[in-house]
Amino acid sequence: MEILSQLIVNSVIAGAMYALMALGFNLIYSVTRFFNLAHGVAAAAGGYAVFYLTSSLGQNVYIATAAGIVSAGFLGYGFDRLVFLRLRRRKTSSMVQLVASLGLLTSVQAVLAILFTNEFQTFPAGHTLYNVLGGAITGTQTAVVASGFFITLLLALILRHTMFGKAVNAVSDDAEVARIVGIDTDRVTGRVFFMGSAIAGIAGILTGFDTGLGPTMGMGLLLKGVIACIIGGMGNVWGGTAGSMLLGFAENFGIWKIPGQWKDAISFVILIAFLLLRPEGMIKK
Amino acid sequence: MEYAINLAILFLIYAILGLSLNLVVGYTGLLSTAHAAFYGIGAYAAAILVTSHNVNFFMALLAGVLASALAALLIGVVLSRFAGDYYALVSLGFNVIAYSVLLNWQGLTRGPLGIPGISRPYLLGLAFSSNGPFLVLALIFLAMAYIISRFIAGSSFGRVLKAIREDEGAIQVFGYDTVRYKLAVFVISAAMAAAAGALFASYITFIDPSSFTVMESVFILAIIILGGLSNLKGSVLGAAIMVLLPEALRFAGFPASMAAELRQAVYGLSLILLMLFRPQGILGEYRL
């Protein structure tokens, strides 16, 4: 019984973390229609920004976290202005944009490794244990679950009820028509990059508090987010979160019987099963 | 001199990897990011057979090629159903899985410890233990890879591959089973990568999983995109530039401790710049 509740708690924590990656990735995909692999390095950069502000400049953790989220957002915005916007204007294929994002991921990751070394860095975080339904959860992990939940809700509300959200929906339905009716699609896309990358930054920062930071952490986070999006349904807020939860549960219940190092393999098996049997994902757009 | 030979051998190995990946990415238009997996399977199969079973290097290389081809066949059955972005993503996933197998199947691969003491090849009393003769051996392998690739590119099989790249739906209408063609070229490409892997293992004499990550696949991708997709000379040229460029940076005064990161930064940046300013690369005949 105790194992079961701990497994459920762990699954929800993992699912919430994947959801934070999936939300931004999905949002960016919905307006640009390409797999932005540089999304992973935005998460890592957010984590490292907080690390730099707290350990080198001695800033307060809350101020540093806010600054980290904003800097991840600006990094994503910069990616769009410097690279993707130019590629979009030239009407290049989504493969070209994917390769460019792969280049961004690789080079920014290398810059992080040069600046902060390849060593694993940890934050000085408190590890108070709470008890939820017989399963243990740390303070950081509670923050992960809360952020995953609130940001999904917030994003869904923004997309539904604000002018900006309506513009995002219009661009994701048909960018050409959106431009004709007077929506500044480049501006909307730039803001989407900012928002999506800032959410990824939250994921990176929380990973830093939970387990620690490494320059290549973005790749792992990214892959889970992408898989969650595909199995949940690309271009759909709820789909990304639903896919994340399914993935979190599948992985954590999977390692009940299979050794833990096969977690990644389990998630890819699920991805392939979905791609072959239900390519549109759990929730169809 | 020893330094120049070392670079030349690395260049030859990467040129073989580039040629073989070009068959899939350049000629067939499938953005595979799993090439390092097959390179790794070839390297590990050869290394294990040479060290623990005392098999002759050339037999071990052949076994590595077969193992890699078999793995490519299994993976390709799933992968060949996809195209475009999804192909890139699913192949990336396979590279992650292959890496975690190399890392975690400790009974076979010794995991993160790697496999040391891989001996250099010998054949009919001819030993390739010093770097000079090894260079000649690697050159022979590159020549073979080039001839095979050129034959494929010019054959009717190669023309179907290019047709798949241009319009898969149209060529299906003419009755071609495109999944089978995609699978075939993927297996051939993996087998060639495995030969490069076996060469690499016996040249360095030590391998560990860190040489076969997704980032290595991206590096090989950068080689062929820089040189030019769908052009064999381009792959060789791309390998030469990508192997030599980080060395040039080292002479420019960057510290050696950052060599690996610097190399990554260079090829990442070159991918971005190529996509922005010259997506067809230097000699390319096809752009993504």
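Convex hull over the alpha-carbon atoms of chain B: what's its volume per residue in Å³?
Here the figure is 125 Å³ per residue.
Counting only Cα atoms, I'd like the Rg/Rh figure for segment A:1-123, Kirkwood definition for Rh.
Rounded to two decimals, Rg over Rh is 1.05.
With all protein chains present, how much of the accessible area of segment B:2-213 (probe radius 1.4 Å) comes from carbon and sulfur, to the nearest whole percent?
70 percent
Could you work out the relative contact order of chain B? I mean the mean sequence separation of Cα pairs under 8 Å and 6+ apart, divided by the number of residues, in percent.
34 percent
When the C-alpha atoms of segment B:118-239 are aligned to their principal axes, what extent does each axis show, in angstrom, from largest down?
54, 32, 25 Å, listed from the longest principal axis down.
Kirkwood-based Rg over Rh for segment B:51-115 (C-alpha set), two decimals?
So for segment B:51-115, dividing Rg by the Kirkwood Rh gives 1.07.
Find me the longest stretch of chain A that has none of the exposed GluC sites (Glu not before Pro), where exposed means in a DSSP loop (not H, G, I, E or B) with at most 14 other Cβ atoms within 10 Å.
After excluding every exposed loop site, the longest remaining stretch is A:120-279.
Provide the per-residue ³J(HN,Hα) series for segment B:35-50, in order, calculated from phi with Karplus coefficients 6.51, -1.76, 1.60 and θ = phi - 60°, each as a whole number of Hz, with x at glycine and proline positions.
Per-residue couplings from phi come out as 5, 4, 5, 6, 4, x, 4, x, 5, 5, 4, 5, 4, 5, 5, 5 Hz.
Report which residues of segment A:246-277 become buried by 10 Å² or more of accessible surface when going from the isolated chain to the complete set of protein chains (1.4 Å probe; DNA, RNA and ligands ignored).
At a threshold of 10 Å² (probe 1.4 Å), the residues of segment A:246-277 that become less exposed are A:Gln261, A:Trp262, A:Asp264, A:Ala265, A:Phe268, A:Leu271, A:Ile272, A:Leu275, A:Leu276.
Between B:Glu166 and A:Tyr130, what is the FRET efficiency for a Förster distance of 51 Å, r being their Cβ-Cβ separation, to the nearest 0.05?
Taking R0 as 51 Å, the efficiency between B:Glu166 and A:Tyr130 is 0.30.
Show log10 I(q)/I(0) for the protein assembly as shown at q = 0.07, 0.12 Å⁻¹, two decimals, from a solvent-free Debye sum over equal Cα scatterers.
-0.41, -1.22
Over segment A:2-216, what relative contact order in percent results from Cα pairs under 8 Å that are six or more residues apart?
44 percent
Can you list the residues of segment A:17-38 whose accessible area drops by at least 40 Å² going from the chain on its own to the full set of protein chains, with a 1.4 Å probe?
So the qualifying set is A:Phe35.
Return the carbon/sulfur percentage of the accessible area of segment A:2-216, one whole number, probe 1.4 Å, all protein chains in place.
For segment A:2-216, the apolar C and S fraction of the accessible surface comes to 65 percent.
Quick check for you: with a 1.4 Å probe and neighbouring chains kept, what is the accessible area per residue of segment A:2-216, in Å²?
Averaged over the residues of segment A:2-216, the accessible area is 42 Å².
Rounded to the nearest 0.05, what FRET efficiency is calculated for A:Leu82 and B:Ile204 with R0 set to 45 Å and r the Cβ-Cβ distance?
Calculated transfer efficiency: 0.75.
Tell me, what is the percent relative contact order of segment B:213-256, built from C-alpha pairs under 8 Å that lie six or more residues apart?
So the answer I get is 24 percent.
Where only protein heavy atoms count, and the probe is 1.4 Å, what is the accessible area per residue for chain B in Å²?
Heavy-atom accessible area per residue stands at 39 Å².
Helix hunt in chain A: which complete DSSP H runs extend at least 30 Å axially by C-alpha with mean Kyte-Doolittle at least 0.5?
In chain A, the long hydrophobic H runs are A:2-32, A:94-116, A:139-161, A:185-210, A:237-257.
Taking 20 Å² as the minimum loss, tell me which residues in segment B:254-282 lose that much accessible area going from the chain by itself to the full protein complex (1.4 Å probe).
So the qualifying set is B:Met258, B:Glu261, B:Gln264, B:Ala265, B:Gly268, B:Leu271, B:Ile272, B:Met275, B:Leu276.
Chains A and B: buried accessible surface, both sides, probe 1.4 Å, rounded to 100 Å²?
Using a 1.4 Å probe on protein heavy atoms, the buried area is about 3500 Å².
Please label the shape of segment A:54-165 as rounded, prolate or oblate, based on the square roots a ≥ b ≥ c of the eigenvalues of the alpha-carbon gyration tensor (a/c under 1.5 means rounded; beyond that, a/b larger than b/c means prolate, else oblate).
Here segment A:54-165 falls in the oblate category.
Starting from a Cα-only point model with no solvent, please compute log10 I(q)/I(0) by Debye for chain A at q = 0.07, 0.09, 0.13, 0.16 1/Å.
The calculated log intensity ratios at q = 0.07, 0.09, 0.13, 0.16 Å⁻¹ are -0.25, -0.41, -0.86, -1.29.
Quick one: Cα centre-to-centre distance for segment A:83-140 and segment A:218-285, in angstrom?
18 Å
Once both axes come from the Cα atoms, what is the angle between helix B:259-277 and the longest principal axis of chain B, in degrees from 0 to 90, rounded to 10?
20 degrees
Compute the acute angle (0 to 90°) between the alpha-carbon long axis of helix B:57-79 and the principal axis of greatest extent of the alpha-carbon atoms of chain B; round to the nearest 10°.
On a 0 to 90 degree scale, this one is about 30.
Nearest 500 deg cm²/dmol is fine: what mean residue ellipticity at 222 nm does the protein assembly as shown get from its DSSP H runs of n ≥ 4 alone, each adding -39,500 (n - 2.57), divided by its residue count?
Rounded to the nearest 500, the figure is -24500 deg cm²/dmol.
The values are calculated or read from the model by the stated rules, or taken from the named source; none is laboratory data. None of these values were measured; they are calculated from a predicted model. Note that each Cβ is placed from the backbone with ideal geometry, even for glycine, and that neighbours are counted across all protein chains shown. Areas reflect the complete protein model, heavy atoms only, side chains present, ligands, DNA and RNA absent. Shrake-Rupley method; radii C 1.70, N 1.55, O 1.52, S 1.80 Å.
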